[in-house]
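Right, one structure below, let's go through it.
The values are calculated or read from the model by the stated rules, or taken from the named source; none is laboratory data. Every value quoted in this text rests on a predicted model; they were computed, and no experiment measured them. Cβ: placed from backbone, ideal geometry, glycine included. Neighbour counts: every protein chain shown. Accessible surface areas use protein heavy atoms only, side chains included; no ligands, DNA or RNA. Shrake-Rupley method; radii C 1.70, N 1.55, O 1.52, S 1.80 Å.
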Amino acid sequence: MSNNKEKLFTEFQAPTKQEWLDKIEVDLKGADFQKKLVWRTNEGFNVQPFYRLEDLKDLKTPDALPGEFPFVRGNKKDNNEWYVRQNIVVTDPAEANKKALDILMKGVDSIGFKLGHAELSAEFIETLLKDIRLDCVEVSYRACMRHALQLADLLVAYIDKMGYDKTKIVGGLGFDPIERMLMKGKDSTMMLPDMPKLVEKLKDYPQLRCVMVHSDLLNNSGAYIVQEMGYALAWGNEYLQQLVDAGIDADLAASKIKFYMGISENYFMEIAKFRAARMLWAQIVKQYEPKSDDSCKMIINASTSTYNQTLFDSYVNLLRSQTEAMSAALAGVHSMVVTPFDAPYEKPTDFSERIARNQQLIIKEESHFDRIVDPGAGSYYIEHLTDALAQEAWKLFLKVEDEGGFLEAVKKGTIQEDINATNAKRHGDAAKRKEFLLGTNQFPNFTEKSEGKEPLACDCSCKHTDDADVPALKISRMASDFEALRLATEKAKKVPVAFMLTIGNLAMRQARAQFSCNFLACAGYKVMDNLGFKTVEEGVDAALKADADIVVLCSSDDEYAEYAIPAFQYLNGRAMFVVAGAPACMEDLKAAGIENYIHVRCNVLETLKEYNQKLGI
């Protein structure tokens, strides 16, 4: 058998990279290779259309082993297990406990209790944690940071009372003053002296972390992958440096830091992000000369993004979060939260929370993503992405450090300015459909209604006050502008009817009509397509009979010179007239009074806002 294989493969000569490029050049028929096939990412580097083994010859990442420094291939050697986490907002400790016990029987093995401003006491903790085995499941807690030390004392007392083995307590106690500054614009530096005290209180609990880096906040504010990654590293280093400066041992300090990172829709790049982030964090911690390489491990809780979630066609959120969860799982995160699909418009229901849990259970129990450590290793493409992301994130990290560190950058507002600028750019790209949101700015469900759904207001950074100490992040989902437009249309006395006046060249009129229906349905208009009309007069009459508010002429560029002006004149202002396309005769049509055109270069959002205004909406 082996001899046959050897003979088979020796009959084929492997093509060189140049031969591949020559073949591609022939197939492109003169088109620019760089423009057609090279992906210019938002992360600051280009991605080639194919990679070969020779492209990895100078990379160090393929030489790494699972569970070994610098942990690019994960923190574990023999499995890819992660904690399936669900967060619970605690308003009543007994009810929260009941819910926690219920979901622990349904596949969850990690609970995140959000305590808010709860009145903490020993009784509160005992009620909250009743019958929850802290040595068997991961439990994390997030309370007002002013009560972090009190919470730590209560937890330590409870754990001692229950007689748990301290080495088996896995979880976290959220302390992150910088996050509050980014979210609310309030200077929280006065809380930083509590950080080393908190670490000291929990030093006997090797798997209970208490200093958090919530870079998922940046992800949900629209940050690109390199921004989240570079700033997360600088954020973590800020805390690590402050702890060491306060006299905390480097190993202890590093072992108390945990990263909360978001997961965007960029599937392969997200896999590479977590790999690169672990590698860079290990290198940063190494500079503090820890005694153990284990202290260099980056512990990550990953959460699927809310930035790309939508109110309309909300079940598409399941597709988004599923691929995001797959990225994080394959990349080897410590724990994961899948955001329920209905989070943009309501408090998640039992149904949506169950589906969110099951999204992780499917890829774990049925697809066996928990079995293989770092399956992306050796992939020429993923290894290249890992290295490229690491290089760009490292540049950003060094830039922040050169400017005085992450805290200083937050005080100056440079971090917020950078992320807010990216958010604004992405909203602009969505408006022009340079960035797609399925069901929102591309291929919307024509017949869907909101049925009373309204976007939930952000419970944090959107409530900025004029007396903010520092600038805050502007958190707004990418779909929010289109949703506001569509909801306004729904609430109008009459939902506008857009009628496709299709005439002339069959292929062109059909293509233009499909494009126009898709375009106008983004505003929630009722669209009416047609098979075609013999004359423009016949088409206009049919449109008026259908009570159309907008008549869209759909034909070929050449035929617009013949059809557009007669159709416009026959309509005579009885409805808005739109030409689908940007024909060469556009100036002549404008001179005749035709002012509305929709085509691929349009800003969809601004065009539809203008149409709503003209229609009195």
Could you tell me which of LEU438, VAL551, LEU134 has its Cα farthest along the dipole of the chain towards the positive end, charges placed at Cβ (Lys, Arg +1; Asp, Glu -1), taken about the Cα centre? VAL551
Order LYS130, LYS297 by their accessible area, 1.4 angstrom probe, all chains in place, largest first. LYS130, LYS297
Output wanted: per-residue J couplings in Hz (rounded whole) for region 320-336, from phi through Karplus 6.51 cos²θ - 1.76 cosθ + 1.60, θ = phi - 60°, x for Gly and Pro. 4, 5, 5, 5, 5, 4, 4, 4, 5, 5, 5, 7, x, 7, 6, 8, 8
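Roughly how many percent of the accessible protein surface of region 323-440 is carbon and sulfur, given a 1.4 Å probe and a whole-percent answer?
Taking all protein chains in place, region 323-440 shows 54 percent carbon and sulfur surface.
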Cα-centred dipole magnitude for the chain, charges only on beta-carbon of K, R (+1) and D, E (-1), debye, nearest 20: 480 debye
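Given C-alpha coordinates of region 499-600, what is the ratio Rg to Rh with the Kirkwood estimate of Rh?
My calculation puts Rg/Rh at 0.91.
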Magnitude of the Cβ-charge dipole (Lys and Arg +1, Asp and Glu -1) of region 225-281 about the Cα centre, nearest 20 debye, reported as 180 debye
Counting only Cα, what are the radius of gyration and maximum Cα-Cα distance Dmax of region 244-390, in Å? 17.2, 53
Residues with amide H under 5 Å from that of THR339, placed H, sequence gap 5 or more: THR304
Distance between the C-alpha centers of region 272-318 and region 197-242? Whole Å please. 10 Å
Calculate the spin-label point distance for ALA592 paired with LEU37, positioning each point 7 Å from the Cα along the beta-carbon direction, and give it in nanometres. 4.5 nm
I'd like the FRET efficiency for MET191 and TYR267, computed as 1/(1 + (r/R0)^6) with the beta carbon distance as r and R0 of 30 Å, rounded to 0.05. 0.20
So what is log10(I(q)/I(0)) for region 423-578 at q = 0.15, 0.17 1/Å, when the Debye sum runs over its Cα atoms only? -0.85, -1.00
Protein chains only, probe 1.4 Å: how do PHE446, PHE12 rank by accessible area, largest first? PHE12, PHE446
Just name one of ASN612, ASN596, PHE577: the one whose Cα is farthest towards the positive end of the charge dipole of region 570-617 (beta-carbon charges, Lys/Arg +1, Asp/Glu -1). ASN612
Calculated from DSSP H runs of 4 or more alone, at -39500 (n - 2.57) each and per residue, what is the 222 nm mean residue ellipticity of the chain, nearest 500? -13500 deg cm²/dmol
Using the per-residue mean of other Cβ atoms lying within 10 Å as a proxy for protection, in what order, highest first, do the peptides 236-248, 481-493 fall? 236-248, 481-493
Would you mind pulling out the separation of the Cα centroids of region 493-511 and region 369-414, in Å? 48 Å
Can you tell me what share of the DSSP beta bridges in the chain is antiparallel? A percent to the nearest 5 is fine. 5 percent
For TYR597, which sequence-distant residues (separation of 5 or more, or a different chain) have an amide H within less than 5 Å of its own amide H, given hydrogens modelled in the peptide plane? VAL579
Debye, to nearest 20: dipole size of region 389-510, +1 on Lys, Arg Cβ, -1 on Asp, Glu Cβ: 900 debye
For the chain, calculate the relative contact order in percent as a whole number, restricting contacts to Cα pairs under 8 Å that are 6 or more residues apart. 13 percent
Residue among LEU385, ALA96, VAL72 farthest towards the positive dipole end of the chain, charges placed on Cβ: ALA96
At R0 = 30 Å, FRET efficiency that the Cβ-Cβ distance of ALA507 and LYS23 yields, to 0.05: 0.45
Tell me the accessible surface of TRP82 in square angstrom (1.4 angstrom probe, heavy atoms of protein chains only), to the nearest ten. 10 Å²
Once ligands and nucleic acids are excluded and a 1.4 Å probe is used, how much of THR10 is accessible, expressed in Å² to the nearest 10? 110 Å²
When Lys and Arg each count +1 and Asp and Glu each count -1, what net charge do the other residues less than 15 Å away from PHE533, Cβ to Cβ, add up to? -2
Any idea how far apart HIS147 and THR16 come out in nm if each label point goes 7 Å out from Cα toward Cβ? 7.1 nm
Mind jotting down the distance between the C-alpha centroids of region 83-120 and region 32-72, whole Å? 41 Å
